[in-house]
1. In segment A:60-91, how many are within 18 Å of residue A:276 (Cα to Cα) and in contact with a Phe, Trp or Tyr (Cβ under 9 Å, 6 or more places away or on another chain)?
2. Give segment A:346-369 a look and list any residue that's within 27 Å of the chain's Cα centre (by Cα), surrounded by fewer than 19 Cβ atoms within 10 Å (Cβ to Cβ) and either within 10 Å of chain B (Cβ to nearest Cβ) or within 16 Å of residue A:333 (Cβ to Cβ) (or both), or say none.
3. Do you know which residues across segment B:6-31 are under 19 Å from residue A:367 (Cα atoms) and surrounded by 14 or more Cβ atoms within 10 Å (Cβ to Cβ)?
4. Please enumerate the residues belonging to segment B:241-258 that are outside any helix (DSSP H, G or I) and of a type in the set (Val, Ile, Thr).
5. Take the residues in segment B:223-240 that are within 24 Å of the chain's Cα centre (by Cα) and assigned to a loop (DSSP other than H, G, I, E, B); name whichever of them is surrounded by the fewest Cβ atoms within 10 Å (Cβ to Cβ).
6. Would you mind stating whether residue A:168 is in contact (Cβ under 8 Å) with a residue 60 or more places away in the chain, hydroxyl-bearing (Ser, Thr, Tyr) and part of a strand (DSSP E or B)?
7. Do we find a residue being hydroxyl-bearing (Ser, Thr, Tyr) and under 30 Å from residue A:265 (Cα atoms) anywhere in segment B:12-21?
Amino acid sequence: MLIITIHKGLDIPMAGAAGGTITDRRDAKRYGVSPKDYVGLKVRVVVEEGQPVRKGDALMVDKDDERIRLTSPVDGKITKIARGERRQVEMIEIERCDSGEERTYDTQDLKASMLQSGLWAALKQRPFGIIPDPDDHPRDIFVSTFDSAPLAVDGDTIFKEERHREATLHGLVALTGLTDGKVYVGIDDASEWIEAALRGKRRFVFTKFEGKHPAGNVGVQISKTRPINKGERVWTMGIQDVITLGILAHEGKYEPERVVAICGPAASHPAYYRVIPGVALETLLHDESLDGKRIVSGNVLSGTRRACDSYLGAGDSQVTLLEEGDRHEFMGWIAPGLKKHSFSGTFLSGILPRLFRSSMRYNTGVHGGVRPLVMTGNFERVVPMDIYPLQLIKAAVIGDIELMEALGIYEVEPEDLALCEYIDPSKTEIQSIIRQALELCRKEGV
Amino acid sequence: MIKKLRQLADRMKPTFSEGGKLWWLHSTFDAFETFAFVPNTVTRQGSHIRDAVDMKRCMITVVIALMPALLFGMWNIGYQHYSATGEAMTLWSCFLFGAVRMLPMIVVSYLVGLTIEFAFAQIRHHEVNEGFLATGLLIPMIVPVTTPLWQVALAVAFAVIIAKEAFGGTGMNFLNPALVARAFLFFAYPTRMSGDKVWTAGDWWGTDAIAGATPLGEMMGGSARPTASLADMIIGTVGGSTCETSLIAIAIGAVILLVSGIASWRIMTGVIVGGGLMGIVFNLIGANEYMQLPFYYHYVMGGFMFGAVFMATDPVTAAQTNIGKWIYGLLIGLFAVLLRVVNPAYPEGMMLSILLMNCFAPLIDHCVVAVNISRRRRRGKEVRR
């Protein structure tokens, strides 16, 4: 097994990690499903307000391919279909009321079961980060079994129960049925047992990743093992969705659930919860005071901002709480900066990071004005891919598709350049630039 | 006090906002407001937290790194003056003399440069960029002490308008503005920028000079070695542009720039290695006395180190790729020494060498990136076969 150590990257020292036991909140009442959690997805709603639904029933279908559906994670009743601009669906809200009946799925025709249950939407195609076409044949499938983002759920917690460990293995084996290529699995210390359990099985490639964030990003793992070339497509799946897939493939049951960390420097009670995806955030945040705080579904680097009456984002396994930073700071640009985190050495805390590690304060402040991209050589230090990030970002800004392709736009998702956005002294919104560029390439290109 | 200031800013803000009476001055207001207070804007999407560093912090770090060289330069201006006149001197009298000569140049440089910057920012409805904080200080530090203030003003105006704003402002220029200012003076007023009668100030206010050669000037004149000892040149008690002489003061600045990560160690090392290599090649050829000068003399004479640490490392005009930075640095050092030794017209090659490589930096980057691109293309082709 290949072991790759990621030296280029950054672990942001941040307090507020969840720990300890997992509280079971699978009994929560309210759920929401949003098409906005999926890149480029345009949907048609197939339910009405007040209509009863069962777990795995379609709520919305893809306008371009009706086999792709977003389904209800629980039995219950549609309470609201929220629409935004131009009547686009923003959220379908469901109030739970268990029927007690369990639907079973065909364990032989897995693709059909995944499409029917809605688990298909958990697959992502690279390039573009979209839900893949069911008729497509991906070159390979990649799974990262760990998350290296700040305050992410740790592997030991995810794989605590024997049932989930078994389901992980079933899920990975099931993935081999979706590709003619291989299933690449990126592992760390906490998931090394997977390699041991599946050793000798054909069509698996295990690679162990060590080192700094973004070592756990599947994009980094792809670029280190078998990078994507123009015209190729690979699929990826989050590790907790692989567990759901394993249960579907082995037991024929659709039981979406995941371990979620409530975390962040502004979280007063960081904790792990076991929930059903799409759960209302208020059920997880009832212990927290939310005044002047921001709720981020996902990690601090690439999560999405949520209102307190919103729902857990699809695919997210953490909810991060942050202080809002809407304060003026007097002469902040010359202060010694003992409590400010910086990748650069322009603050004392950056020169002596160990000394000040525990006292770092974070908020959502931008800490400066937007400027042209002046500094160079820093992005390269946090992007462990064979890519020139600055040049790629500039090509993305001007929308030069040919140049972007040449510079490797298809190998990245915004999350892979999230650290660039964090450390950038010019305060450029790099992730949204990359997302727009990818959308441009998807619509105009290949 | 701080609260009052904040309240004042908040009260004034509407006047300068769109629709307000003084909207046409909003960039100016912004500049002063963000100078006093880090803005309270928050992230909207993407990364919800941001690094504490911003362009102001980067530029102020450069200014701090320049301080040792500036302070030493001020003292040395006085020291050179009193040494030449033979008057009695103390540490403070030297420093005072230098400060009186230096501060007006700095004030004029900032005044002219910032006025133009503010005007352009206003016309473009941009925020005022911090880049000039460093440029405005650099320009007085690399000219002879006897440069008239009007020439400083003219050079700054030329550099900011032609070399920077014409291309879109900080971050868009391809030539180092501070060096463009110096090059402008060098070619427009050559008698004020070279020779023996410009390096030592003759009086407190005027532009009179006392004759006194720089080490580089002596070498041009055909000496086998500069009169000043190696130690003097390392400490910096020799003639030269105002703040370029002390290797020690520059080294302190270099440490600040490298620890803070603002300047590229690749470029600095590249320049030093490149200059050394060229010097060694000349030592091996040894065709004349200048070629026989031990290569390390090039490090201590003239503005080689000042250029290597503060000029070549300007991120906007340097190469942007890591490999490109090595090539860029090496070639700067190489050309600087080449120009010094074999070009009869200019005693100092650093300025022209950096400006030359500024022009080639995009080409270097293009080639480095092209390697990456062709590697990616090849990988794609292999797969398709």
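The values are calculated or read from the model by the stated rules, or taken from the named source; none is laboratory data. Bear in mind that the values here come from a model prediction, so they are computed numbers and not experimental data. When we count neighbours, we look across all protein chains shown, and the Cβ atoms used for this are built from the backbone with ideal geometry, even at glycine.
1. Counting residues in segment A:60-91 that are within 18 Å of residue A:276 (Cα to Cα) and in contact with a Phe, Trp or Tyr (Cβ under 9 Å, 6 or more places away or on another chain) gives 8.
2. Kept after step one, since they are within 27 Å of the chain's Cα centre (by Cα), are these residues of segment A:346-369: A:357-358, A:360-367.
Checking the rest, the ones that are also surrounded by fewer than 19 Cβ atoms within 10 Å (Cβ to Cβ) come to A:357-358, A:361.
Selection gives A:361 alone.
3. Selection gives B:6, B:9, B:27, B:29, B:30, B:31.
4. Matches in segment B:241-258: B:242, B:245.
5. Per the stated criteria, the residue is B:237.
6. no
7. In the first step, residues of segment B:12-21 are kept if they are hydroxyl-bearing (Ser, Thr, Tyr); the result is B:15, B:17.
Now narrow it down to the ones that are under 30 Å from residue A:265 (Cα atoms): none.
Scanning segment B:12-21 turns up no residue that is hydroxyl-bearing (Ser, Thr, Tyr) and under 30 Å from residue A:265 (Cα atoms).
Quick grid of which residues meet (1) free of Cβ contacts under 8 Å to residues at least 40 places away in the same chain; (2) over 23 Å from residue B:205 (Cβ atoms); (3) touching a Pro at 6+ places or on another chain (Cβ under 7 Å):
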position: B:84; (1), (2), (3): no, no, no
position: B:90; (1), (2), (3): yes, no, no
position: B:104; (1), (2), (3): no, no, no
position: B:108; (1), (2), (3): no, no, no
position: B:127; (1), (2), (3): no, yes, no
position: B:141; (1), (2), (3): no, no, no
position: B:147; (1), (2), (3): no, no, no
